[in-house]
Structures are given as structure tokens and as C-alpha cells.
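The values are calculated or read from the model by the stated rules, or taken from the named source; none is laboratory data. What you are looking at is a predicted structure, and each value in this text was computed from that prediction instead of being measured. Note: ideal-geometry Cβ built from the backbone for every residue, glycine included; neighbour counts use all protein chains shown. Just so you know, the surface numbers come from the protein's heavy atoms only, side chains and all, with ligands and any DNA or RNA stripped out. Shrake-Rupley method; radii C 1.70, N 1.55, O 1.52, S 1.80 Å.
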Amino acid sequence: MHKYDVAVIGCGIAGMATAIRLQAAGKSTLILESHGQPGGCAGFYSKKGFNFDVGATTLVDFEPDGIGGELLNCVGLRMPESEPLDYQLWLPNKMIYLYRNKNKWHKERSEKLGDTPAHQAFWALMDKLANTFWTASRLGLKLPIQNAGDVLNAAKRVGIRNILLIRFLNYTVIDILKKYDLENDRELKAVLSMLVEDTVNSTLETAPLINAALGITIRGAGLRRTKGGMKGFWLHLAEHYKKLGGVLLVGHKVEKLEIIDKGYSLITRKGSFQAGQVVSAIPAESTMTIAPFEIKQLLNYYVTRDKDRYESAVVIFLGVPESQVACQKLTHHQLLYDYNLPLGNGNNMFISVSAPGDINSAPEGYRSVMISTHCKLTEWKDLTEEEYQVKKEDIGNHLLTLARRIYPQLGTDAIIYEVGTPRTYHKYTGRINGTVGGVRQNMLNSNFKAMPHHIGIKNFRMVGDTTWPGLGTVACILGSKIVTDQLLKEV
């Protein structure tokens, strides 16, 4: 039986990024993906000539000096054709532009969200934290701290003159808003809450401040959408991985992972495979269902701790005539319709529209539209089939009605209209109960207390949104670099 140097379980962005790094470094790698195509929660869905993004709709920090840019550079891959994005954030009573350009964004937030000395001091601190820790992340910051080398690495990446900023690891966003007497600023809190939920999957009361600062400033790191959306990106990435000699097997769900002499055995219904090292790029909870006792035992603490810290999403896929979305110049929008309601179920939803002329996303004269929002897992559990279908129809109608504030004719005479729910994510990604977005971060499960990539088993690593630094394509790509560096040193 052929033995690979490294086998990766799962071909979401974390799994592919890890595998392609290792393959480019000279290792023989195998990716085993249960679904019929790569992508996971950053994947795509195709129907009748339309291609839709099922989770992530943008690439973050793929500029040449960014975390995504570093990945492409290290594996010898060019950035696929893409468009840089600004987007609009819609509050109940106003609209705000979220610009990539920092000067334009600073002007916009001052005009729309307040320019008092307190506001200026708040944003100065957020900018300082974001600049420091975006830079540290790009330079290779690794958490949690597991040894003396990690301490030295953190000090070096953060920089001695910024080391005192680490104290803000003990703060939440609401702590800082209170410090500047801004905790009752309704519009500022609404904007921050929307951005924090989408990037840290948390709230102002529980989100660690530094993580939130990175999420709030994420558009400044550069947002892009590739031609053809995530399908275009995945075809570009997978083709290069195979050219490097990597092996990607879809429809190969790993049902059992065993520790054998000098490596691991991975058992699927279509055969067994051996590798000297293994990376699990599926969630910790899913990894426990296939792992040997030694690995289960070490993962159990994190899985038990975070079992109630997961949520999911609802998404609508629309294929529509171009005339229905031509009324807006920008193609990406985030919407809040009620200041007083909890976020989720449409109250904080994202609308992404394929670019004009992008015939890889939609046939000529048409556009692909994706509407997504967070939801509670508990709302979708234990429903009868009849109850499920009613709920699915209701949430679809609700989201489409809300979206018509921005696109009044959206969905009339649609070529495609599909609604995805937690059940859909469970079916197509294999995530237990259809969880999306990783662990909801708080002070007790992130940064110094996050699940590490190296849990203590030789030649085995975890990567993806249940490990540090958490959810999102940029976080998963950063994790892939950490894991690759570790495995290349461990023989």
C-alpha cells in the first residue's frame, strides 16, 4: 500500500491551504473529502448555469503582503482574476459605506457614527489594536502559548513597543465602549455588533476586544470576489494543487482513523490509505467521531467546553435577470432592520451579488445573488418534516422581503430560488447539526485558551475554524501556515 507523507481530512479552505503548502514544500499529500467537490463552508453550489457561494463570499487579505497573498506566493500561484470590494451597511435610518481605503473609511465613520473626542479615542484604540495584530498575524503569530518558543515568537511578532497592548486580551468590546461612555450610542453599537457577529461569531458583551478589532477592520485588510465567485477560486486552487502532484479524492468520507506503526491508517468505504502524518481539517466534534481513543481523550475537553457555542446560517440562492439588481452600483450589502431585536434571522444579513459581466457566475444578462443570515441551531432541531418546510418557506419569504429595501424587484421571475438551512449544511458539509462559523468566541475559549493545532499527539494536527484563530478564510489560512511549519519540523 502506498504511504503518503501527509493525509488531510477535509477539503475546506483550511485543509486545502495546508495540503498545498506541504505539497509545494516537497511532501507527498492526500486530501480525503467526503463531499463530491472541494470547498466545505467556503464552497459553491451550481445550478442551471448559475454558481453560488454557499458560505464565504469574499476573500480577505489576499493582497501581496497579506495572509492570503503569502499563501499564494509560497505555493507559486497567482491571484485569480478578482474585483476589490467596498460595501454598504444599511441601518434602519441610514446607510454607511464601508470602504477599503482607510482615509475614506475614517471620514465616513466620523460623519455617520460620531466625531466627538470619545469617538475619536475609541477608534484610535481600535485602529492601534487592529494595525498591531494584523501585522503580528501576517508575521506568524501563534496562539495559544504552549512553550517558551511561543512566548518569544509572540513578543517578536507583536513587537516590544506594542507589548503592553496584550493587556487588552482581557477586555471585551463593551468594556471599551463603557470606558469612553459610548455604551448607549445606538448606531455605533449596531454597526459594531453586525461586524463582530459576522467575523468573530460573537457579541459586544462576550467578544474578546482584540479579535473584535480585527473583525471590525477586516475590510481594510482587503476584500475581493473572484471571477466565478468561490467556484472560480476553488478551480484555480485545486488545479494548481494537482499540478504540484497532490492527490484530492472527493466522495471519500473518512470513517475511521487509526494509529499504526510509524503513522496512521485512514479508512473510507472506498478503501484505506496510510500516511506518516495526519491533519484533521474538519471540526473537533466531527474528528472525535472517527479518531482513536488517544485523540478523542485530548479533544474531549474542548468539544465539551464549546458544545453550546455553535450556531448556523440560512442562505437564499437567487438567479435573476440583471435588471433586478442594476439599481445599486455596489454588489455587497449588510442590512439591519430593527435596533431593538436580537441579531440573526434577517436582522443582520448579508447580500452578495455577482459582478456585472461575470459570466462564470451567471449566464449573460443574469446575476447570482446570495442572501445569508445567522440563526440558532435550536430553532431548527426536532422539527417534523411539515414544520421544517413551513419554517423554511417563512424564513425565505422574510429574507427576500427585507432584501427588497435594497433591490425592490429582487426575486420576481427568478430563474433560481433555493433556500439553504442548517439541515442543508449538515447534508452537504457533514458538520454535525449543520453548524456554521466555528465556535462563538469569548474570553474562555479564544486566544490563550483556544484549542491549539498541536493537541499533544505526534504527527497529528488540527486545523480549521475550531482551532485558533477561529472562523473565516483568513483565519483558516493562517492556521494552515502554523500547521505546515510544525509538521515540516516534526519527523
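Determine, yes or no, whether residue 338 is touching a Pro at 6+ places or on another chain (Cβ under 7 Å) and among the charged types (D, E, K, R).
For residue 338, the condition - touching a Pro at 6+ places or on another chain (Cβ under 7 Å) and among the charged types (D, E, K, R) - is met.
Restricting to the range 18-41, and then to whatever is in contact with a strand residue (DSSP E or B) (Cβ under 6 Å, 6 or more places away or on another chain) and of a type in the set (Gly, Ala, Ser), can you tell me which residue is nearest to residue 314 (Cα to Cα)?
Out of the qualifying residues, it is 40.
Name the residues in the range 212-236 that are of a type in the set (A, V, I, L, M, F, W, C), touching a residue at least 60 places away in the same chain (Cβ under 8 Å) and touching a Leu at 6+ places or on another chain (Cβ under 9 Å), would you?
Passing the criteria: 213, 214, 216, 218, 221, 223, 230, 233.
Is there a residue being under 27 Å from residue 64 (Cβ atoms) and not hydrophobic (A, V, I, L, M, F, W, C) anywhere in the range 245-261?
Yes: the range 245-261 contains one or more residues that are under 27 Å from residue 64 (Cβ atoms) and not hydrophobic (A, V, I, L, M, F, W, C).
Can you pull out every residue in the range 373-390 that is within 26 Å of the chain's Cα centre (by Cα) and open to solvent by less than 90 Å² (accessible area, probe 1.4 Å)?
Passing the criteria: 373, 374, 375, 377, 379, 380.
Within the range 112-130, is even one residue free of Cβ contacts under 8 Å to residues at least 60 places away in the same chain and of a type in the set (Ser, Thr, Tyr)?
Yes, the range 112-130 contains a residue that is free of Cβ contacts under 8 Å to residues at least 60 places away in the same chain and of a type in the set (Ser, Thr, Tyr).
Against the definition (of a type in the set (Gly, Ala, Ser), in contact with a strand residue (DSSP E or B) (Cβ under 7 Å, 6 or more places away or on another chain) and closer than 22 Å to residue 201 by Cβ), how does residue 430 come out, yes or no?
It is false that residue 430 is of a type in the set (Gly, Ala, Ser), in contact with a strand residue (DSSP E or B) (Cβ under 7 Å, 6 or more places away or on another chain) and closer than 22 Å to residue 201 by Cβ.
Can you report the number of residues in the range 1-11 which are open to solvent by less than 20 Å² (accessible area, probe 1.4 Å) and of a type outside the set (Val, Ile, Thr)?
Here the count works out to 3.
From the list 271, 251, pick out the single residue that is touching a residue at least 24 places away in the same chain (Cβ under 8 Å) and of a type in the set (Gly, Ala, Ser).
251
Checking the conditions here, which among 71, 113 is hydrophobic (A, V, I, L, M, F, W, C) and over 20 Å from the mean Cα position of the chain (by Cα)?
113
So which residues in the range 432-491 are on the phi > 0 side of the Ramachandran plot, open to solvent by 20 Å² or more (accessible area, probe 1.4 Å) and either in contact with a Ser or Thr (Cβ under 8 Å, 6 or more places away or on another chain) or without any contact (Cβ under 8 Å) to a residue 40 or more places away in the chain (or both), if there are any at all?
Of everything in the range 432-491, those that are on the phi > 0 side of the Ramachandran plot, open to solvent by 20 Å² or more (accessible area, probe 1.4 Å) and either in contact with a Ser or Thr (Cβ under 8 Å, 6 or more places away or on another chain) or without any contact (Cβ under 8 Å) to a residue 40 or more places away in the chain (or both) turn out to be 433, 472.
Write out, first by first residue and then by second, each pair whose Cβ atoms fall under 7 Å of each other, whose residues are 6+ apart or on separate chains, and whose first residue, in the range 46-63, is touching a residue at least 24 places away in the same chain (Cβ under 8 Å) and among the charged types (D, E, K, R) while the second is open to solvent by 20 Å² or more (accessible area, probe 1.4 Å) and part of a strand (DSSP E or B).
Close Cβ pairs (under 7 Å, with a partner that is open to solvent by 20 Å² or more (accessible area, probe 1.4 Å) and part of a strand (DSSP E or B)) amount to 53/44.
Only residues in the range 88-108 that are among the acidic types (Asp, Glu) count as the first member; pair them with residues that are outside any loop (DSSP other than H, G, I, E, B), Cβ under 7 angstrom, at least 6 apart or cross-chain, and list the lot.
Short answer, once both residue conditions are applied: 108/96; 108/97.
How many of the residues in the range 12-38 are buried (at least 22 other Cβ atoms within 10 Å of the Cβ) and touching a His at 6+ places or on another chain (Cβ under 8 Å)?
Total satisfying the criteria: 3.
Let's see how each residue does on (1) under 15 Å from the mean Cα position of the chain (by Cα); (2) under 30 Å from residue 175 (Cα atoms); (3) among the β-branched types (Val, Ile, Thr):
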| position | (1), (2), (3) |
| --- | --- |
| 208 | no, yes, no |
| 211 | yes, yes, no |
| 222 | yes, yes, no |
| 225 | yes, no, no |
| 240 | no, no, no |
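Looking at (1) crowded, with 18+ Cβ neighbours inside 10 Å; (2) part of a loop (DSSP other than H, G, I, E, B), find the lone condition where residue 363 falls short.
Just one mismatch for residue 363, condition (1).
Could you check the range 183-203 and list, in sequence order, the residues that are assigned to a loop (DSSP other than H, G, I, E, B) and in contact with a Gly (Cβ under 8 Å, 6 or more places away or on another chain)?
Those that are assigned to a loop (DSSP other than H, G, I, E, B) and in contact with a Gly (Cβ under 8 Å, 6 or more places away or on another chain): 185, 201.
Would you be able to tell me the number of residues in the range 404-431 that are in a strand (DSSP E or B) and open to solvent by less than 80 Å² (accessible area, probe 1.4 Å)?
4
In the range 165-203, which residues are touching a Pro at 6+ places or on another chain (Cβ under 9 Å), within 19 Å of residue 133 (Cβ to Cβ), among the aliphatic types (A, V, I, L, M) and open to solvent by less than 20 Å² (accessible area, probe 1.4 Å)?
Scanning the range 165-203 gives 173, 200.
Sort out which residues of the range 165-194 are free of Cβ contacts under 8 Å to residues at least 24 places away in the same chain and either among the aliphatic types (A, V, I, L, M) or closer than 18 Å to residue 334 by Cα (or both), and write them in order of number.
Listed by number, the residues that qualify are 166, 189.
Give the range 341-360 a look and list any residue that's more than 21 Å from residue 327 (Cβ to Cβ) and open to solvent by less than 40 Å² (accessible area, probe 1.4 Å), or say none.
Correct list: 344, 347, 348.
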